[in-house]
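A.B. asks: Could you have a look at this structure, given as structure tokens, before my questions?
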Amino acid sequence: MARIIDGKKTAQDIKDEVKQAVSELTKNGRSVTLAVVLVGDDPASAVYVRNKKKACEYCGIVNRQINLPADTSEEELLQLIDQLNRDDSVNGILVQLPVPPQIDGQKVIQAISPKKDVDGFSPISVGALSIGLPGFRSCTPAGIIELLHRYDIQTQGAECVIVGRSNIVGKPMGMLMLRENATVTIAHSKTKNLQEVCRRADILITAVGKPKMFTRDYVKEGAAVIDCGMDRDENGRLCGDVDFGDVSPIASCITPVPGGVGPMTVAMLMKNCVEAISLQQD
């Protein structure tokens, strides 16, 4: 039976480390401030923002939440971002996505200063990641790397298959695994013989948004399985891309959903907020 990778516990450990780091900064007269901008009243976005606020409160990070109406124009939002970029008291800026249709999400991402881009989404952050320069790492992939390290999962020389090529998970995950000296394959909806490709993996990372798609037919015996999915099964229950019950008997270790990768995303956001201090000093 697979060892369970407990993302909830690991995320708590990271938040405790961040809390200690923030406490040390406070003793030296420095505060850490995250500005979170929410445009509109999307219920899912409101939940995510609330979770980030709770994490900030726990870690001692100042949470400056800015709620804007759903009819906010693109120009108004870009002006706000410019103000936050120039505000030296703000260390990190996060605009909760998705934004309403009248606003270009890519323009919003590109408007955030790379030194305050704690989500790690801007082209400059992604470019720095691709060539190994200092910068923010996208929170979900960075959280997966933390899980692999803290659970002593061998990455050097490992064959890693990532299923999904999004800008938020798949692509940055591939670059981070290359930095870990893994041999990386990024598969997607057009990949031929997907099961065969996945069965090569020592580390299988799934990010496709299809509930329980990955059964044991996709998994090599003894593989580490990292499930980034946040889906709903036929009964409306939260589940991942991986059929946990079918795969866990043959995997060496596996992340559950919920309680696996999900909690790590917010924890790594908190870590990025602290790292922003040194990036801004440089």
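A.B. asks: From the set of residues in segment 57-89 that are of a type in the set (D, E, K, R) and within 22 Å of the chain's Cα centre (by Cα), which is nearest to Val37 (Cα to Cα)?
C.D. replies: Arg64
A.B. asks: Only one residue in Pro114, Pro98 is assigned to a loop (DSSP other than H, G, I, E, B), exposed (fewer than 15 other Cβ atoms within 10 Å of the Cβ) and within 19 Å of the chain's Cα centre (by Cα), so which one is that?
C.D. replies: Matching residue, one of Pro114, Pro98: Pro98.
A.B. asks: Here is a follow-up. Which condition number does Thr185 fail, the rest of (1) surrounded by 15 or more Cβ atoms within 10 Å (Cβ to Cβ); (2) touching a helix residue (DSSP H, G or I) at 6+ places or on another chain (Cβ under 9 Å); (3) within 25 Å of Lys8 (Cβ to Cβ) being met?
C.D. replies: Unmet for Thr185, out of (1) surrounded by 15 or more Cβ atoms within 10 Å (Cβ to Cβ); (2) touching a helix residue (DSSP H, G or I) at 6+ places or on another chain (Cβ under 9 Å); (3) within 25 Å of Lys8 (Cβ to Cβ): (3).
A.B. asks: Within segment 175-209, can you find the residues that are of a type outside the set (Val, Ile, Thr) and closer than 21 Å to Gly260 by Cβ?
C.D. replies: Answer for segment 175-209, where residues must be of a type outside the set (Val, Ile, Thr) and closer than 21 Å to Gly260 by Cβ: Leu176, Met177, Glu180, Ala182, Ala187, Cys198, Ala201, Asp202, Leu204, Ala207, Gly209.
A.B. asks: Can I ask one more? Could you tell me how many of the residues in segment 198-237 are surrounded by fewer than 17 Cβ atoms within 10 Å (Cβ to Cβ) and closer than 18 Å to Lys171 by Cβ?
C.D. replies: Total meeting the criteria: 1.
A.B. asks: What pairs come out if I take residues in segment 230-259 that are over 19 Å from Tyr48 (Cα atoms) and pair them with residues that are of a type in the set (Lys, Arg) and not in a loop (DSSP other than H, G, I, E, B) whose C-beta lies under 7 Å away, six or more apart or interchain?
C.D. replies: Asp246/Arg216; Val247/Arg216; Ile250/Arg216; Ser252/Arg3; Cys253/Arg3
A.B. asks: Also, I was wondering about something else. Got a number for residues in segment 34-51 being surrounded by 16 or more Cβ atoms within 10 Å (Cβ to Cβ), touching a residue at least 60 places away in the same chain (Cβ under 8 Å) and of a type in the set (S, T, N, Q)?
C.D. replies: The qualifying residues number 0.
A.B. asks: Run Ser130 past the list (1) within 15 Å of the chain's Cα centre (by Cα); (2) under 30 Å from Gln195 (Cα atoms); (3) at pLDDT below 95 and report the number of the one that doesn't hold.
C.D. replies: Unmet for Ser130, out of (1) within 15 Å of the chain's Cα centre (by Cα); (2) under 30 Å from Gln195 (Cα atoms); (3) at pLDDT below 95: (1).
A.B. asks: Search segment 18-31 for residues being assigned to a helix (DSSP H, G or I) and free of Cβ contacts under 8 Å to residues at least 12 places away in the same chain, and hand back the single one that is nearest to Cys228 (Cα to Cα).
C.D. replies: Of everything passing the filter in segment 18-31, Gln20 is nearest to Cys228 (Cα to Cα).
A.B. asks: Taking the residues in segment 238-256 that are of a type in the set (Val, Ile, Thr) and in a loop (DSSP other than H, G, I, E, B) as candidates, determine which candidate is farthest from Asp6 (Cα to Cα).
C.D. replies: Ile250
A.B. asks: Name the residue that is surrounded by the fewest Cβ atoms within 10 Å (Cβ to Cβ), counting only residues in segment 57-94 that are acidic (Asp, Glu) and in contact with a helix residue (DSSP H, G or I) (Cβ under 9 Å, 6 or more places away or on another chain).
C.D. replies: It comes out as Asp88.
The values are calculated or read from the model by the stated rules, or taken from the named source; none is laboratory data. All values reported here derive from a predicted model rather than from experimental measurement. For neighbour counting, all protein chains shown are included, and Cβ atoms are generated from backbone atoms with ideal geometry for every residue, glycine included.
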